[in-house]
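This report concerns only the one structure given below.
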Amino acid sequence: MRLFLLLAVSGIVSLVGGLYFQEFNLGSSELRFIADFGFGAMTLLGSIVTVVATVQLLYGEIEHRTILPILSKPVSRGEFLLGKLLGAWLTICSFIGILTLALLAALWIRQWQMPDLGEEALLEQGAVSSSGVLLFALMQCFRLMVLASVTAFFSAYASSSLFAVFMGFFVWVIGQLRGSLDAQWGEGIGQSLLKTLTLLIPDFRIFDLGAYAFGEAEASLVSLLGLVLYAVVYAALYGSLAAVVLKNREF
Amino acid sequence: MFGRPAPAELYHFSDRLALKESVQAIELRELTKDFPLMERGRYLRAVDGLTLRIPENSVFGLLGPNGSGKSTTIRMLLGLSEPSRGEIRIFGASPQEAEARRRVGYLPDAPYYHKFLTGRELLRFFGKLLGMSRSELERRAEELLAQFGLADAMDRKLGAYSKGMLQRLGFAQALLGDPDILVLDEPTAGVDPVGAAEVGDFVRGLREQGKTVLLCSHLLTQVQDLCDAVGIMNKGRLLASGSIDELLGVGGDARFAIEGLTGSELGEVARFAQEKGGDLVPLGQNLEDLFRSLVSKDDQRGGEA
Amino acid sequence: MNFKRRLLILWFASSLLVGLLTQPLRQGAVARAESGESLASLADGLGQGITFAALGGYRTIAANFVWISMYGDWRYRLKGEVLEKMQLAVSLNPDSVYFWVDGSRIIANDMPVWQVGDDLMESLFESEEGIAIRKAYGEQALAFLEQAPRAVAQRVPVLVEKASICWQRLADLDRALVYFKQAVEKEDVPNHICRVYAEILVKNGEVKKAYEYLKSHYAGLSDDDRTALKPFVARRIEELKAKLESGS
């Protein structure tokens, strides 16, 4: 809880910083710069909240042995895991929600400070659409849901919290780089092998929908549902793997 | 534990206990638990062919030194660990079934509870896991917290509870679902003598209510007073089990102390007993003596092997 | 088989299966994500790229800081460091037109001077060796701009930058005209670029083409637009017409 608050405050402070760090802004519009700060807080701090909260919620129970009286009650390990994952997701969604509200407020304040600019001028300036921000935030919830499931899988297997945290972040980084990695590899067998290997890790980059907020792309319902489906399938896969590990774990 | 001799035929009265016409609350049949070691193909046998029957409405003491397999047995009984071989029955059902676990209340050997909850919140949490209705849960939680002297502290965070308070809260959570079986793992650990005496009274009360209690404790005098029957474990094996009276030799199997002999005369008696195929067994005046004698003898056998 | 091995096989098989099944969903989304914030190229900065990948949306801000720190190296003319940081910044935020244009200018205009020295700056246009150095950096600047994502590469400032490098650094008017043509076909092209395009056509000996172009450009100019300089354009059309007539 303390960490959650700390990160939420950091996110909001970073947003406020965005309002005052305009001199570091190079070549992008002011509103977009603020939005970048908000999106950055959501993804970076969101990933920290996700990994730490999931490890704390799941591995923390194992480490502190608070899981013993719980599992001795008529609760199956699958139910226990599902509860923990839902708890982690709720934490993530609350965090993203707080930052989204803060970002929308920051954008509103800045727009309000620039009353002379008409709508056309704002568009030229690079306006940030509220619906785009909400869409970005929603997709972060789904992206971090996948990360929570992956972290739960490692937490169920881990014998130290450090291992679970490390693996959670490792998959996060690889998942962010996945697209770039297979684009960088050469031709031939190496390429095919790497592409096969990259299939093993979820692609986290595809949830970056900043372009929608900046009016650079149009959102289609089908593509968004596709993304949600992608997230749900991966969350279910790693959730199931975590359940298998937990079922076989000795306490 | 590997390459050890087969369990010696020691004192087993459990079959005689089982002959009694009573419902078995807990049954362990040839229960074995192996933990794999880092070396390929090697394993540690934590529990070795344990067979026990604990009838309903009795207090059974499971005794043994540290590392004897008591905790592993309890964890298997609670469905927290899978047996490598053998089976466990709780009123005829496997502990893997949620309904079987619903009939068991568990007091862990240490207060493994969330420190950020209050006493009342902890009971609410466990009550929800038990599927209790809100009104029933509130009523029962307050009743139990009052019964265990925690009425004033129920809205305080557990981080501020003393060891004794946490232990009492543990009893409250174990009793929350009104279970038929209570598994009490070291209920007197870290509790002062007054608290330990209260635990004794509480266990007697449970028996009066018709509950079955499985008790692990190092306070052998208290166990002797409280338990209807005990099982003594060492290195995963059951060395002896039966009612206190049977184990201590009161009745047909009584053994007698030899007094007034010198060391060499005692040696002659021992040789005589061995010639006749017997052995000189130290007298079990009380549970503590019997426990020590059985465990040290088993350790010697293990060492020789 | 022990549990660890079974788990590894289960993870591998199920992840591969899910990876294959979700491939169509992913590919559709990749195209969209590439137009947004993604790492454009990590060929030269993979190590740092990995560090920054974890930053998520903070990448664009990190890119700004990298660019600012690049200016520190620029002051001391540290060519290697400048190129590395420029590469990293555009990897982190490939959508910034500013990075691409400013970076290409540093390569094309500043780096040749760093190489020959301030005193011999004129040699870049006079001596054979100097001209070769100038052209080599011009090509390098063009290659830098070629790495820009498609959406950025098609923006007017980038096209104009490519054209001006070809024109002024490489003295290759044919190539410059290709880029200018692409630029003037954009809707948001500023009027002065159109006029420059016409002048380059004239400079390249394509007077008729310049005349035709300016006529069509003039037809589309608004009376209210002060940047259109309609009288100036009309006068220039007349001049070109006269030139064509005298020429024929």
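Bear in mind that the values in this text are calculations on the coordinates, not laboratory data. Here the structure is a predicted model, which means the values were calculated and not measured. Glycine gets a Cβ as well: all are built from the backbone with ideal geometry, and neighbour counts include every protein chain shown.
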Inset, instruction - Would you mind checking the tilt of helix B:119-129 against the longest principal axis of the Cα atoms of chain B, expressed as 0 to 90 degrees and rounded to 10? - result: 80 degrees
Legend entry - Loop-resident sites, segment B:127-169, for trypsin sites (Lys or Arg not before Pro), counting at most 15 other Cβ within 10 Å (DSSP): B:156
Legend entry - Footprinting exposure proxy for A:172, A:89, A:108 (fewest neighbouring C-beta atoms within 10 Å first): A:108, A:89, A:172
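Within a 10 angstrom radius of each residue's Cβ in B:102-111, how many Cβ atoms of other chains show up on average? Whole number is fine.
Shielding by partners across B:102-111 averages 3.
Just from its helices, what would the mean residue ellipticity at 222 nm be for chain B, if runs of 4 or more DSSP H residues each count -39500 (n - 2.57) and the sum is divided by every residue, rounded to the nearest 500 deg cm²/dmol?
One gets -11000 deg cm²/dmol as the mean residue ellipticity at 222 nm.
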Inset, instruction - Assign one of three labels to segment C:129-248, namely rounded, prolate or oblate, based on the Cα gyration tensor with a ≥ b ≥ c the square roots of its eigenvalues; rounded applies when a/c is under 1.5, prolate when it is not and a/b is larger than b/c, and oblate otherwise. - result: oblate
Inset, instruction - Using only Cα atoms, tell me the angle between helix C:3-21 and the longest principal axis of chain C; keep it within 0 to 90° and round to the nearest 10. - result: 30 degrees
Legend entry - Nearest-ten-degree value, helix B:287-304 long axis tilted from longest Cα axis of chain B: 60 degrees
Inset, instruction - May I ask for the net charge around residue C:99, where only other residues with Cβ less than 13 Å from the Cβ of residue C:99 are counted and Lys, Arg are +1 while Asp, Glu are -1? - result: +1
Legend entry - Estimated FRET transfer efficiency (residue B:275, residue C:17; beta-carbon r; R0 56 Å; 0.05): 0.15
Legend entry - Number of partner chain Cβ atoms within 10 Å, mean per residue of A:170-177: 4
Inset, instruction - May I ask you to derive the relative contact order of chain B, considering only C-alpha pairs under 8 Å and at least 6 residues apart, and to give it as an integer percent? - result: 23 percent
Legend entry - Ranked list, fewest to most other Cβ atoms within 10 Å of each Cβ, for B:201, C:102: B:201, C:102
Inset, instruction - Just rank C:76, C:98, fewest to most, by other beta-carbon atoms within 10 angstrom. - result: C:76, C:98
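Once every DSSP H run of n ≥ 4 in chain C is given -39500 (n - 2.57) and the sum is divided by its residues, what mean residue ellipticity at 222 nm do you get, rounded to the nearest 500 deg cm²/dmol?
Rounded to the nearest 500, the figure is -22000 deg cm²/dmol.
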Inset, instruction - Just tell me how shielded A:236-246 is by partners: mean number of partner chain Cβ atoms within 10 Å of each residue's Cβ, no decimals. - result: 3
Legend entry - In segment C:152-203, trypsin sites (Lys or Arg not before Pro) in a DSSP loop with at most 11 other beta-carbon atoms within 10 Å: none
Legend entry - Cα→Cβ-extended label distance, 7 Å offset, between residue B:23 and residue A:247, nm: 3.1 nm
Inset, instruction - Evaluate E = 1/(1 + (r/R0)^6) for residue A:90 and residue C:3, where r is the Cβ-Cβ distance and R0 equals 35 Å; express this FRET efficiency to the nearest 0.05. - result: 0.65
Inset, instruction - Kindly state, as a whole number, the per residue volume in cubic angstrom of the convex hull around the alpha carbon atoms of segment C:191-248. - result: 62 Å³
Inset, instruction - Order the peptides C:143-149, A:94-100 from the highest to the lowest mean number of other Cβ atoms within 10 Å of their residues. - result: A:94-100, C:143-149
Inset, instruction - Within segment C:98-138, report the GluC sites (Glu not before Pro) that DSSP leaves as loop and that have at most 12 other Cβ atoms within 10 Å. - result: C:122
Legend entry - Average Cα contact separation per residue, segment C:146-233, under 8 Å, 6 or more apart, as relative contact order %: 19 percent
